[in-house]
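Data first, discussion second: the structure below is written as structure tokens.
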Amino acid sequence: MAQVELHNVNKAFGSTQVITNVELEINKGEFVVFVGPSGCGKSTLLRLIAGLESLTSGEIIIADRPVMDLPPSERGIAMVFQSYALYPHMSVFQNMAFSLSLQGISKAEIAKRVQAAAKILQMEHLLDRRPAALSGGQRQRVAIGRAIVRNPDVFLFDEPLSNLDAALRHDTRVEISKLHRQLGATTIYVTHDQVEAMTLADKIVVLKDGEVMQVGAPMDLFNQPDNEFVAGFLGSPKMNFFDGILGEIDTENGSGHFEGEGLNIAGVRLVSRDKTRGDKMRLGIRPQHLVLDEKGQLTGTITLIERLGTETVVELVTDAGTLFRYATPEAPEFATGDRAHFSFDASRGHLF
């Protein structure tokens, strides 16, 4: 059952179109992540759902109610921003209780909700403190607690971890994931960080220039990207691309033969089905899917070696000048300037 529905949603600021014909259904209890590069419209789309921006055209439905004419307070949503937006003169308890007191809820009910949220977030001992006495991670938990006490139909998170350092970002990400499992609430989360998207989401919505590029489960998007943008955006290091032409096409298996950059590979997944033999194509293969092979067709000269402890990332350049990367959990004995040869399983490749 869909909890949030977006139908032909458009948003323009003057003559600038920032959201274009977005169609999306978010099911009850799903954790959905909007991801994409800066300026792709993901935060604007979240603000449209929240009611902080007005639609140019289209329809937004939350819990079976059209909400286009409703203010944010009546949409059944609670939002957590990148900025914690806490009142510095109020205690943690007062910050979490403030929106409830504005609604005229009894003091007993407010105390019950705040205590319950504080227990979930393991911050009962912080309720008497003021924001200045809290760490960044604790302030973010207060902001999340302020959302929880409202018992919303939908939680909206707008890049909530951007102000935290790397270690704290990881810890808070784990907390948010546990919180979602515990509450079972419908959650929409905006980030530009693909690691957050891959680890948190039940479903990822990839955006580019205000348009939805692909929607699906994280590993479906990683393994079966619909286009070159999604393939290049998800994954670290990013996918390698090689220019060439399309040879024989196997329509039954949806694969094609790629020729270019010294490669002659059959049985590669053909993403663009409207192509014909001789058309220009790009072969995509992830750095993790390359295999060192003295007889391999892909050859490059090493220009950079990054030893990261858990993996080694090697940057190479082909004789034609194409940059590509190889990633391995091993620690190969490479040096800059060495030549290396690689092969790969054709079924792991993609033709765009």
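With only alpha-carbon atoms counted, please give the Rg and Dmax of region 136-263, in Å.
19.1, 61
Rounding to the nearest 20 debye, state how big the charge dipole of region 221-274 is about its Cα centre with +1 on each Lys and Arg Cβ and -1 on each Asp and Glu Cβ.
260 debye
If you count the DSSP beta bridges with both ends in region 2-233, what percent of them are antiparallel, to the nearest 5?
55 percent
How big is the chain along each principal axis, measuring the range of its Cα positions in Å and listing the largest first?
75, 46, 35
Could you line up THR20, THR44 from fewest to most neighbouring Cβ atoms inside 10 Å?
Lowest count first: THR20, THR44.
What's the magnitude of the charge dipole for region 2-233 around its Cα centre, counting Lys and Arg as +1 and Asp and Glu as -1 at the beta-carbon? Answer in Debye, nearest 20.
1120 debye
Enumerate the whole-percent occupancy of each 10 Å bin, from 0 to the last occupied one, for all C-alpha pair distances of region 282-342.
Taking all Cα pairs of region 282-342, the binned fractions are 23, 62, 15, 0 percent.
Over 30 Å between Cα atoms, which of LYS208/LYS295; LYS42/LYS178; LYS28/LYS275; LYS112/LYS178; LYS238/LYS295 qualify?
Beyond 30 Å between Cα atoms: LYS208/LYS295; LYS28/LYS275.
Using alpha-carbon positions, what is the distance between the centroids of region 267-311 and region 13-69, in Å?
So the separation of the two Cα centres works out to 36 Å.
Give me the net charge of SER236's neighbourhood, meaning all other residues with Cβ under 13 Å from the Cβ of SER236; Lys, Arg count +1, Asp, Glu -1.
Residues near SER236 contribute -1 overall.
So what's the convex hull volume per residue for the Cα atoms of region 51-120, in Å³?
135 Å³
Any chance you could give the angle, 0 to 90 degrees and rounded to 10, that helix 166-183 forms with the longest Cα principal axis of the chain?
70 degrees
Cut-off under 15 Å on the C-alpha distance; same-chain residues fewer than 8 positions from LYS280 excluded. Which aspartates and glutamates are left, in chain and number order?
By straight Cα distance, LYS280 reaches GLU228, ASP243, GLU248, GLU259, GLU261.
Of the options VAL205, VAL230, ALA166, report the single residue whose Cα projects farthest towards the positive end of the charge dipole of region 2-233 (beta-carbon charges: Lys, Arg +1; Asp, Glu -1).
Of the candidates, ALA166 comes out farthest on the positive side.
With axes computed from alpha carbons, what is the tilt in degrees of helix 107-120 against the longest principal axis of the chain, rounded to the nearest 10 within 0 to 90?
30 degrees
Every number here is computed from the coordinates shown, using simple stated rules; none is lab data. Keep in mind the model is a prediction, meaning the values are calculated, not measured. Note that we place each Cβ from the backbone using ideal geometry, even for glycine, and neighbour counts take in every protein chain shown.
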